[in-house]
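Participant: A single structure is presented below for examination.
The values are calculated or read from the model by the stated rules, or taken from the named source; none is laboratory data. These figures come from a predicted structure and were not determined experimentally. Cβ placement follows ideal geometry from the backbone for every residue including glycine, while neighbour counts extend to all protein chains displayed. Surface areas here come from the heavy atoms of the whole protein model, side chains and all, with no ligands, DNA or RNA. Shrake-Rupley method; radii C 1.70, N 1.55, O 1.52, S 1.80 Å.
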Amino acid sequence: MRRQLGVAAGLLSVLLAAAACETAPPAPDPLPSERAAAPDTYITAYTWYDNTPEGSPDISHPVLHKRAGGAGTYADPVTIAVGHSLETGKDVLDFPAGTRIYLPDVRRYFIVEDTCGDGPAPEEGPCHAQAARHGGASTWLDIWIGGEGEDESFARRCAEQVTGVRAAIFHPADNYVVASGYGVIHDGRCDSGYGNQLHTAPPTP
């Protein structure tokens, strides 16, 4: 008798669990394990005027763009440069080409398409090895802000404006707020200074 009750109770619990699964709303998906916030990222910027070569939008590892650019949306992120190393005889980027990154302070998405650090030993240079010199930052990212057609001094001031230790989201969700305008420099303004707080866009009705 006890055993039969135990079986019945077990079947009942299974049925109740199945019913709950049918009627309960689905739980939100957990964040992917690779999605990571880096609040201590040192952000700098490069422009049309100080790219390599100067006066060009050339990039070393094109993915979505043949030349540096992008609006800043998830679908059309802006080019970003990362540190790299030639120690092994191959060009190894700190983050693989195609990695998406969201920067709240400029409210735009970026994509790794370029390298930061020239010469035969870029692993000894700024973006790869010297982030900690800037407020103990763990990572150094160099964002493309363009500037072609703008005054060089304005482009330089904008680069200075976005420079600092900021938050960065690697492998971000696709629903973070994106500021209007094409790229960081647009319509004669340097579009930055939104802070490190993350804001999600309202769902499309």
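Participant: On the protein heavy atoms, probe 1.4 angstrom, tell me the percent of accessible surface of segment 117-205 carried by carbon and sulfur.
Facilitator: 48
Participant: I've got another one for you. Could you check the spin-label model distance between T163 and E124? Points 7 Å from the Cα along Cα→Cβ, value in nm.
Facilitator: Placing both labels 7 Å along Cα→Cβ, they lie 2.3 nm apart.
Participant: Mind giving me the nanometre distance, one decimal, between the label points for S153 and A75, set 7 Å out from Cα along Cα→Cβ?
Facilitator: Taking the two extended label points, one gets 4.0 nm.
Participant: Using the crude model of +1 on Lys and Arg Cβ and -1 on Asp and Glu Cβ, and no other charge, please compute the dipole size for segment 85-146 relative to its Cα centre, in debye to 20.
Facilitator: 340
Participant: Not counting ligands, DNA or RNA, and with a 1.4 Å probe, what is V63's accessible surface area in Å² rounded to the nearest 10?
Facilitator: Ignoring ligands and nucleic acids, V63 comes out at about 70 Å².
Participant: Another question about this same structure. I want the local charge near V63. Using Cβ-Cβ distances under 11 Å, sum +1 for each Lys or Arg and -1 for each Asp or Glu among the other residues.
Facilitator: Net charge around V63: 0.
Participant: Further, regarding this structure: Can you tell me the accessible area per residue over segment 83-205, all protein chains present, probe 1.4 angstrom, in square angstrom?
Facilitator: With all protein chains present, segment 83-205 gives 49 Å² per residue.
Participant: So if we plug the beta-carbon distance of Y182 and D91 into 1/(1 + (r/R0)^6) with R0 = 25 Å, what FRET efficiency do we get, rounded to 0.05?
Facilitator: 0.25
Participant: Could you calculate the contour length gain from T52 to K66, that is, 0.36 nm times the residue separation minus the distance between their Cα atoms, to one decimal place in nm?
Facilitator: Gain on extension, T52 to K66, equals 3.6 nm.
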